[in-house]
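Read-outs: derived from the displayed coordinates by stated rules, not from any lab. Just so we're clear, the structure is a prediction, and the values are computed from it rather than from any experiment. Note that each Cβ is placed from the backbone with ideal geometry, even for glycine, and that neighbours are counted across all protein chains shown.
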Amino acid sequence: MNPTGNTILITGGGSGIGAALAQRLHDAGNAVIVAGRRQEALDEAIAGRENMSAITLDIDDPAAIEDFAKRVVAEHPALNVLVNNAGIMKLEDAATRRDLTDAEATIVTNLLGPIRLTNALVDHLAAQSGGTIVNLTSGLAYVPLTAAPTYSATKAAIHSYTVSLRRVLDGKVEVVEIAPPGVQTGLTPGQETRPGYMPLEAFADEVMALWTQQPTPNEILVERVRPLRNAEADHRFPEAVVQLNEMAERARRGG
């Protein structure tokens, strides 16, 4: 992917990782469209940046995704980079029978949403110079957080889907994965200041340093997430599951 001169669409671009990357990509010389459910948040993310624009999108609605794809291509025909970043995370107790509303919503947003939007835009992206799909997964794709089993599973699924896309789109569309560690964002209550999580600005800065490498790495991994990404290959997986989950529980308790 060229570091500048692109037209980039970022879902979940109104806050957190999406907004931080959108602003940095704009400042690096790209036109950026942010998409999300809340117009107010999108407007705040693009404020003061001339080559940023915002379009609302309900990533859970298949018909809305199709309409959105038609609109964004019509309004931004140079669109050549899709960043699938929108996601939700809910803590769940899977040890007993429970209401699965949160689990099902997580699957729709985190897995079906990116698949549907990619499907709606893939032919357009393949026709563009520098066509690229970037999928945000998580370190939890490799070592699950047992308090968020559905979230972890959706991120593992998107990692697998990204590998498949990279192979079938080889020579047509570049496919990149960004796997964040725990980052201080509003993804879950209290996470913005949670001890042990990576500060958002530091994460975004490290991602941009990797993103602008030539060629762009297939996987953009900040140093803090590498122990999770490599746990199985390094034969540390059982220990990593225990360590991650104990650390996360302490952090949620404020310990």
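Given an 8 Å cut-off on Cα distances and at least 6 residues of separation, report the relative contact order of segment 126-218 as a percent.
On the way: 108 pairs, mean separation 25.4, N = 93.
In percent, rounded to a whole number, it is 27.
Could you give the angle, 0 to 90 degrees to the nearest 10, between helix 62-75's Cα long axis and the longest principal axis of the Cα atoms of the chain?
40
Based on DSSP loop calls and a cut-off of at most 15 other Cβ atoms within 10 Å, the longest stretch of the chain free of exposed GluC sites (Glu not before Pro) is what? Walk me through the numbers on the way to the answer.
On the way: sites that count: Glu50, Glu232.
The answer is 51-231.
What is the calculated FRET efficiency for Ala126 to Gln213, with r their C-beta to C-beta distance and R₀ = 25 Å, to the nearest 0.05? Mind showing how you got there, number by number?
Values: r = 23 Å, r/R0 = 0.94.
Working from the Cβ atoms, E equals 0.60.
Give me the net charge of Ala156's neighbourhood, meaning all other residues with Cβ under 15 Å from the Cβ of Ala156; Lys, Arg count +1, Asp, Glu -1.
That sum, taken over residues with Cβ under 15 Å, equals -1.
Distance from a point 7 Å along Cα→Cβ of Glu201 to each backbone N in segment 160-182: keep the residues under 20 Å and list them by number.
Only 181-182 pass the distance filter.
If the chain between Thr96 and Glu249 were fully stretched, how many nm would it gain, using 0.36 nm times the residue separation less the Cα-Cα distance?
Numbers: separation 153, 0.36 × 153 = 55.08 nm, distance 1.90 nm.
So the chain would gain 53.2 nm between Thr96 and Glu249.
Averaging sequence separations of C-alpha pairs under 8 Å and six or more residues apart, then dividing by the length of segment 1-149, give the relative contact order as a whole percent. Write down the numbers at each step before the final one.
Details: 238 pairs, mean separation 37.3, N = 149.
The normalised contact order for segment 1-149 reaches 25 percent.
So if I take the centroid of the Cα atoms in segment 192-246 and the same for segment 42-61, what is the distance between those two points in Å?
Centre-to-centre (Cα) distance: 27 Å.
Using Cα atoms only, what is the angle between the long axis of helix 149-168 and the major principal axis of the chain, expressed in degrees (0 to 90) to the nearest 10?
40
Quick one: helix 16-27 against the long Cα principal axis of the chain, what's the angle to the nearest 10°, folded into 0 to 90?
Relative to the chain, helix 16-27 is tipped by roughly 30 degrees.
Given a cut-off of under 8 Å on Cα pairs at least six residues apart, what relative contact order in percent is computed for segment 7-253? Before the final figure, lay out the partial values.
Details: 417 pairs, mean separation 41.7, N = 247.
Relative CO of segment 7-253 lands at 17 percent.
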